[in-house]
2 protein chains.
Amino acid sequence: MNLNSFTQNKKKDVKLIVIGGTADVQKNMFVYEYGNDIVIFDCGIGFPGRDAFGVDLIIPDFSYILQNINKVRGLVVTHGHEDHFGAIPHLLKEVRIPIYCAKIVAELLKNKLKEGNLLIGTSLNIINPDGPSFNLGVFKIDPFRVNHSVPESLGFAIETPQGTIFHVSDYKFDWTPTMDKQFDIPKAVKLAQNGVIALCSDCLGATSEGFTHSEREIQKTFDEYIGNAKEQVFVTTMSSNISRIKMVVDASSKVGRKVVIGGRSMDQTVEIARRLGYIPYPKETFVPIRGCQSYAQDKLTYIVAGCYGQQGSALSRIAKDEHKHIKLKKGAAVIFSADPIPGTVDLVNELIDKLTLAGAEVIYSAVQENLHVSGHGSQGDHILLASLVRPKYFIPIGGTISLMRAYSNNMVKIGAPQENVLELLEGDSISFSRGMAYKHHELDTHDVFIGSQVDVVSPVVLKDRKTLSTDGIFVAILKFDREKRGFLNSAEIVSRGFVYMKESKELIRGAEEAIVKTLQGNKRKSRDWVAVKDEVEKTLYKYFQKTTGRTPLILPVIVEA
Amino acid sequence: MNLNSFTQNKKKDVKLIVIGGTADVQKNMFVYEYGNDIVIFDCGIGFPGRDAFGVDLIIPDFSYILQNINKVRGLVVTHGHEDHFGAIPHLLKEVRIPIYCAKIVAELLKNKLKEGNLLIGTSLNIINPDGPSFNLGVFKIDPFRVNHSVPESLGFAIETPQGTIFHVSDYKFDWTPTMDKQFDIPKAVKLAQNGVIALCSDCLGATSEGFTHSEREIQKTFDEYIGNAKEQVFVTTMSSNISRIKMVVDASSKVGRKVVIGGRSMDQTVEIARRLGYIPYPKETFVPIRGCQSYAQDKLTYIVAGCYGQQGSALSRIAKDEHKHIKLKKGAAVIFSADPIPGTVDLVNELIDKLTLAGAEVIYSAVQENLHVSGHGSQGDHILLASLVRPKYFIPIGGTISLMRAYSNNMVKIGAPQENVLELLEGDSISFSRGMAYKHHELDTHDVFIGSQVDVVSPVVLKDRKTLSTDGIFVAILKFDREKRGFLNSAEIVSRGFVYMKESKELIRGAEEAIVKTLQGNKRKSRDWVAVKDEVEKTLYKYFQKTTGRTPLILPVIVEA
């Protein structure tokens, strides 16, 4: 760029705003902004934690996008994982934005958009990782290949008026990838050669030493187990993990086993992967799930969802002998080709137990090595990328607070000044100006909870569910006599999840007496029903605290009689 | 034993019944029975899993014990961990049984029994691991020292009319224990020399290769971190882990730091450990928690509870700056000397994040080795014990189903016949008769849930809480007019945790209409209120299924007006 000092002085800041994707490893969404131009990177879903009662998924807070929609030039997707592109249908329901993504992401997205009747009218633009840059407003964007656990994952060099920023979401360096090409180091180096103001990159593996292993190391394990199996074989992995699926098909074909794909999401993935040539096997390699029981079971390998122990998943139903089409045979081998992610350890162990009880020989990472490798780089990968790009500022993304800190410590060890590693929380931003970076808190975001019917669950409702889940509810129905203009000296009580009513007659009687006492005297005639309800609630709260130590949700209702 | 064939023929079976302690790693309780004699091993609590709404702990099902109380000769405790002795007060509340345990268990138990006014009248008998055997009914019991993460842990050889059974709960071989003596191999071998019919032993580490490391290996890590710390040091570990606490005191004393014990349970443990000589430091080594802020903070080491990320624990409160007496300073070191147990991984990670945000340098196992070693043996320990005892039958206890299976596989590898490894679930039993063992399902047990006020939580209530937690409650109040002898054509609606009432007026109106429609016609005059309620519930169920896809707890109530 040749800018004279005049225009240089008139340049505005480039701003990076985190809508989601730091501190909790999911619902990724990053905004780059300059003047009247905004480009968004990723739009993923999050998975509810322990406290999300009846919530199926979480989406990012779109407020900032919607408020500034006239500035938005496009949404770039880094790769085809739910936590990076899964919330796009929710966003497109609100507003249309052109999407830029790799071919495989486009295919995966099309299925989603079709389901929501959103495909028509959506501008889907395919990114060619070996092709030229593309411009979104003032931003010039150059893609390059990275390795991850899904093909066609991309990193980006973003040329901005305040210098080049590298945005490299989930990645690792895999020198022997099974279906993708290697991380395009020459291109990345070339894009970095005029200097890089900041590297915004994945820090999830910041506590793992060395380099993350190659996906190819798993093939031998599959060959061995599937080759030697005497009965059915089941393999479970993430339904998005195409290379894992291909390796299972490879190992099965070698020994004349056909493959059954169990589950809709995995079926769709395999269909797309076959169409794009990632799983180069004819239709005959696969046996439809419907009717698979009529095949010789020792000639079949089942690839099924459920590697995180999800209730209702194919594998979970198979373990309980509740699957419509698949019956587990005694002596079957069940291979878990995934490590439990945080929050799923218990579920996975329970599922392994159930399968063992049902007669399966279960092969999982505690009893067998090389069943799974991570798609995320380790400390070695992080150091290599930093050494290739040589940024001035480091911005860890895609990890928790402690993983960001571990990443910072690693970068400081290889010479980065402590103050140049910027750990951002959701809603934080960085302003880049004249070669410097300044951190702010830009906006307050809140999680948006989506319930089973793809509707938003109110935080008020969630709070009530939390109380209900541990202490139940106590409803006191007070009767107001219209003619006598006063409350009756009695109350109807219903309660659920608090105490077992049949066994707690005394407690309930005590509560009734407490209510009646409250209603007596002046309050009996009161027409200030809100005050009466408050009073009754307070009385019951104190009564239950004293007698049971618990505080159910107390709900006084007044009925006119 | 010299028995002639006559008495040999008249011998009854010896039975081992699992009340708890297989398949789910906790609430250990094992019954050995012969004719009119029963001896119980352990009586521990369990910790509620994901689905235990408002349940604080689980105790074993005492039914079998209470039904056969006249046979019970005593309760033997293997070691001082809650999942092995924590339910004793609950049992003693029902019935008095003589307790046999090591000195330290007796001390820990005394505190518990005092709190429940159960100490007086309880027969507490101290076991000397180097002393002679003791008899409980027909059973001759010989204790021997084993290593574990609490001192004075014991294994037992039980001489029965059907041969010698080894009962070895949680154990490992530690050649360099920090406060205990080594596993008493000579005594164990001697007790096994006349043949062992069965080895009933801990299988928790069955998927870990090699031998479990020695507790002593951690000392160096403490010395280093505490020696080099410039600010406050916090160490968190299980409050029962006396040797870990001693090592922290050792490391602190070397560099002139005094120690603050944060938390009541840990305080009691330290007090008992000091009294028994396990933590041989004078009172002056410790600074009372009240007023600890007036000491130079860089001369203090805090040992606090909260290593599993428990909400409300000392460390959790410190992280949130809500602790009454302790303030975290920027730059403080926080050492996690424990690995998260299943189900606590998320909580621990969240706590590490909070502490990091608060300015602490957190040292945990993902970033530092040798912060924790297990108290449970690994495959090597299991093989060694089997080789010393040479039992005919193998009974893995204290592990999950898949850990029992892993143990079985290991034993088969070293030559045990597959059919001689007996995996038991709760309620299963083994009958020993003439050198043979037969497995049965003996009785049906059920978990007993204890809520916050040490009362039993009914399964009905738990089921309701589960529904309430995901879908909330919908209460429909129907009014029956006594004079007109019919239901009014209206209903009062209250709902919590289902939909946000203010934003769901249309949904609620629809529900009201559905109710009114149901009440109209013949049903309006009905005096069969149960039928009316059923009808209304069904109608609402269908209505909500159709409109929201959710099924809250529906509660029709009839009020006479």
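Details
- Qualifying chymotrypsin sites (Phe, Trp or Tyr not before Pro) in the range A:234-312, DSSP loop, other Cβ atoms within 10 Å at most 15: A:TYR295
- Counted by Cβ distance under 9 Å from A:LYS71, the other residues give a net charge of -1, where Lys and Arg count +1 and Asp and Glu count -1.
- Burial of 30 Å² or greater, the range A:480-498 residues [accessible area, probe 1.4 Å, versus chain by itself]: A:GLU492, A:VAL494, A:ARG496, A:GLY497
- Taking Lys and Arg as +1 and Asp and Glu as -1, the other residues whose beta-carbon sits under 13 Å from that of B:LEU118 total +3.
- Taking the longest Cα principal axis of chain B as reference, the axis of helix B:345-357 is set at about 90 degrees.
- For the peptides B:253-259, A:42-48, residues were scored by their other Cβ atoms within 10 Å and the scores averaged per peptide; the highest-first order is A:42-48, B:253-259.
- Between helix B:242-254 and chain B: long-axis angle, C-alpha atoms, 0 to 90°, nearest 10: 70
- When only the Cβ of Lys, Arg, Asp and Glu is charged (+1, +1, -1, -1), the dipole of chain B relative to its Cα centre reaches about 1040 debye.
- Per-residue [θ]222 nm for chain A (sum of -39500 (n - 2.57) over DSSP H runs n ≥ 4, rounded to 500): -9000 deg cm²/dmol
- Projecting the Cα atoms of A:ILE17, A:TRP529, A:VAL233 onto the charge dipole of chain A, computed from C-beta unit charges around the Cα centre, puts A:TRP529 farthest toward the positive end.
- A label point on B:LEU66, set 7 Å along the Cα-to-Cβ line, lies at 5.7 nm from each of its counterparts in the other copies, closest listed first.
- Stretch gain in nm, segment A:SER63-A:ILE185, where the contour uses 0.36 nm per residue and the Cα spacing is subtracted: 40.2 nm
- Candidates per trypsin sites (Lys or Arg not before Pro) in the range B:402-479, loop by DSSP, up to 13 other Cβ within 10 Å: B:ARG434
- Within the range A:400-414, the residues that become at least 40 Å² less accessible when every protein chain is included than when their own chain is isolated (1.4 Å probe; DNA, RNA and ligands ignored) are A:ILE401, A:SER402, A:ARG405.
- Dipole-positive endmost among A:CYS200, B:LEU540, A:ALA106 within the protein assembly as shown (Cβ charges, Cα centre): B:LEU540
- When chains B and A come together, the accessible area they lose, probed at 1.4 Å and totalled over both chains, is close to 5000 Å².
- Net dipole in debye of the range A:472-560 [+1 Lys, Arg Cβ; -1 Asp, Glu Cβ; about Cα centre; nearest 20]: 140
- The protein assembly as shown - charge dipole about Cα centre, Lys and Arg +1 at Cβ, Asp and Glu -1, debye rounded to 20: 1960
- Relative to the other identical copies, B:PRO132 shows label-point distances of 9.9 nm, where the label point lies 7 Å from Cα along the Cβ direction and values run shortest first.
- Across the range B:276-340, the relative contact order, built from alpha-carbon pairs under 8 Å that are at least six residues apart, equals 29 percent.
- Of all accessible heavy-atom area on the range B:255-380, the percent that carbon and sulfur account for (1.4 Å): 50
- Across the range B:215-363, Cα pairs under 8 Å and at least six residues apart give a relative contact order of 29 percent.
- Accessible area (Å², per residue) of the range A:215-363, counting only protein heavy atoms and a probe of 1.4 Å: 42
- In this structure the amide hydrogen of A:GLY21, modeled in the peptide plane, comes within under 5 Å of the amide hydrogens of A:GLN26, A:MET29, none closer than 5 places in sequence on its chain.
- Local electrostatic count at B:GLU107 - Lys and Arg +1, Asp and Glu -1, tallied over other residues with Cβ under 13 Å: +4
- Neighbouring partner chain Cβ atoms per residue of A:460-467, average, 10 Å criterion: 6
- Here is how far apart the B:ARG434 label points are across copies: 9.9 nm, shortest first, using a point 7 Å from Cα toward Cβ.
- Solvent exposure of the range A:472-560 amounts to 53 Å² per residue of accessible area, where only protein heavy atoms count and the probe is 1.4 Å.
- Averaged over B:133-141, number of beta-carbon atoms from partner chains that fall within 10 Å: 0
- Summary value for the range A:296-400: 24 percent relative contact order, contacts being C-alpha pairs under 8 angstrom separated by 6+ residues.
- In terms of the mean number of neighbouring beta-carbon atoms within 10 Å, the peptides A:490-497, B:215-222 order highest first as A:490-497, B:215-222.
- Rolling a 1.4 angstrom probe over the range B:393-550 with all protein chains present gives an accessible area of which 49% lies on carbon and sulfur atoms.
- Accessible area per residue for the range B:1-143, computed on protein heavy atoms with a 1.4 Å probe, is 40 Å².
- Per residue, the convex hull spanned by the Cα atoms of the protein assembly as shown measures out at 218 cubic angstrom.
- Across the range A:211-224, computed HN-Hα scalar couplings (Karplus, 6.51 cos²θ - 1.76 cosθ + 1.60, θ = phi - 60°) run 9, 5, 6, 7, 3, 5, 5, 7, 3, 4, 4, 4, 4, 5 Hz from first to last residue, x flagging Gly and Pro.
- Each of B:VAL304, B:VAL421, B:TYR393 was placed along the dipole of chain B (beta-carbon charges, centred on the mean Cα), and the one lying farthest toward the positive end is B:VAL304.
- Cα long-axis angle, helix B:459-471 against chain B (0 to 90 degrees, to the nearest 10): 60
- Remark: mean inter-chain Cβ contacts per residue of B:416-424 equal 0, using a 10 Å Cβ-Cβ cutoff to other protein chain atoms.
The values are calculated or read from the model by the stated rules, or taken from the named source; none is laboratory data. All of these numbers come straight from a predicted model, not from anything done at the bench. Neighbour counts run over all protein chains shown; Cβ positions are idealised from the backbone, glycine included. SASA here: full protein model, heavy atoms, side chains in, ligands and nucleic acids out. Shrake-Rupley method; radii C 1.70, N 1.55, O 1.52, S 1.80 Å.
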